[in-house]
Amino acid sequence: MRLFSHYVPRNTLFIALFEALLLALSVYLAVYISAGGLHGDALSIRPEAALLFAGVMLAAMLFMGLYGQASVEGWTGVFFRLVAAFALGLSMLYGLHLAVDLSDWVAGPAPISAAIALAAISAERLVFSRWRQAAVLKPRVLVLGTGSRAAQVDRLLRASTAGTMPRIVGFVPFKESDHHVPSRYVLELADGESVVDLVDRYKINELVVGVRDRRAGGMPVDDLLACKLRGVKVTELSSFFERESGQIRLESLNASWLIFGEGFRQNWLRTVMKRSFDIAASLALLVVTLPVMLLTALAILLTMGSPIFYRQVRVGQGGRHFSIYKFRSMRNDAEANGAVWARSNDDRITPVGHVIRKLRIDELPQIINVLKGEMSFVGPRPERPEFVADLEEQIPFYDARHSIKPGITGWAQVRYPYGASIRDAQEKLQYDLYYVKNHTLFLDLAIMMQTVEVVLWRKGSR
């Protein structure tokens, strides 16, 4: 389902709404239990208390990745994250209690509500772990084409561990001499048979067009139109990947799709909203992390000496260069021989640097860049000019990521591990293109919540 230009799996949305209901109901049940029945305080709970509890716990579950890729882990892993989420949620509630008096219900019902909700959601997730793989709940997809472009669909499904992927019924060859998909999935059209006949026979819900040749006679236009008029969804291959993987895949990308498709909206209202959000989010982060930043500066000064901060030239919006600020995490002679990609177990990183990189604390001084207007809070990560020159030559559409401001965190950072090669840069660009095409305030908020998960579970740092 497309929600504010961002694709959200229907199963995920349904589960989030259902769990929000369970969380709200658990508050009423906790008050009922603690009051000993339907009298007195059992009927006096305010609706806003249930909404606050549900909202805080949902946020904690988002921070723990329970509505992302972690939701497809084994049930034991999901249960561990649930326990951590409820512990975090209760801590957040009691933190709110210090700022706003919530003594009417936090001290008593909140722990009981959490215990009830944890039991209910754990049982629901156990059922979901069995239910999500049910074929009857997945849309049935037929891919038109068996060439290299269509084969990307097969590779995507093989690499995916998510239970929300559609079920690929088969691939229909169309004027292709070589098949790049497994032969058992190839559905040959018999004499006099059309794509419409296959759609009827296999009860297809969606057709994905993976044919490279789309000139006159290169595609069964009449069949596709007939399927469309019958209510069968017809999807271009690039749009299929955008929806299912959160990427714009370079291998299947046509410049015409970028030009004529939706997205890439830029206007003054969007610019003002994003700038206002950047300032508010940066100031809030500055207030929350100021003690951590002061301790980090002191640790660097005592163990490595000055300078505390590290400045490095990066490429920003429109290709303009600017100096990015970071806490110094490497030796002063780290790049005595020139710029190089960071490596796994890089011996240039100091002991303090290793810790602050793992926790992403080294990135916090970039708040200054955001307040100066050189960066956004969310956007593609800025790259160094030395690397950009090579990447633009080797990767098509690489310059498109410079059409908006770079960010402290981004869609590629929460979806892909640390990149340190041309291939990694290409993979991350596919996520960056998705963000550039679909970025909204809703997507920015989703990325910020997933960033918390990345930090808490120490994903992708180097």
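The values are calculated or read from the model by the stated rules, or taken from the named source; none is laboratory data. Every value quoted in this text rests on a predicted model; they were computed, and no experiment measured them. Here the Cβ positions follow ideal geometry from the backbone for every residue, glycine too, while neighbour counts run over all protein chains shown. For accessibility, only protein heavy atoms count, side chains too; no ligands or nucleic acids. Shrake-Rupley method; radii C 1.70, N 1.55, O 1.52, S 1.80 Å.
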Length gained when the stretch residue 348-residue 390 is fully extended (0.36 nm per residue, less Cα-Cα span): 12.7 nm
Between region 1-22 and region 230-281, the alpha-carbon center distance in angstrom: 19
For residue 186, distant residues with modelled amide H under 5 Å away: 171
Pairwise label distance in nanometres, residue 279 with residue 456, each label 7 Å out on the Cα-Cβ vector: 3.1
Label point distance in nm, residue 423-residue 321, each placed 7 Å from Cα along Cα→Cβ: 3.1
Net length gained if the chain between residue 303 and residue 251 were fully extended (0.36 nm per residue, minus Cα distance): 14.0 nm
Two-site label geometry, residue 201 and residue 157: point separation in nm, points 7 Å out along Cα→Cβ: 1.7
Base-10 log of normalised Debye intensity for region 357-462 (one unit scatterer per alpha-carbon) at q = 0.16, 0.21 Å⁻¹: -0.69, -1.23
For residue 147, distant residues with modelled amide H under 5 Å away: 180
FRET E, pair residue 442, residue 115, Förster distance 35 Å, beta-carbon r, rounded to 0.05: 0.60
Gained length - residue 221 relative to residue 262, 0.36 nm times residue gap less alpha-carbon distance: 12.6 nm
Solvent-accessible surface ranking, highest first, for 146, 440 at 1.4 angstrom: 440, 146
Under-5 Å amide H pairs with residue 321, H placed in peptide plane, nonlocal only: 316
Within the accessible area of region 180-307 (1.4 Å probe), percent carbon and sulfur: 63
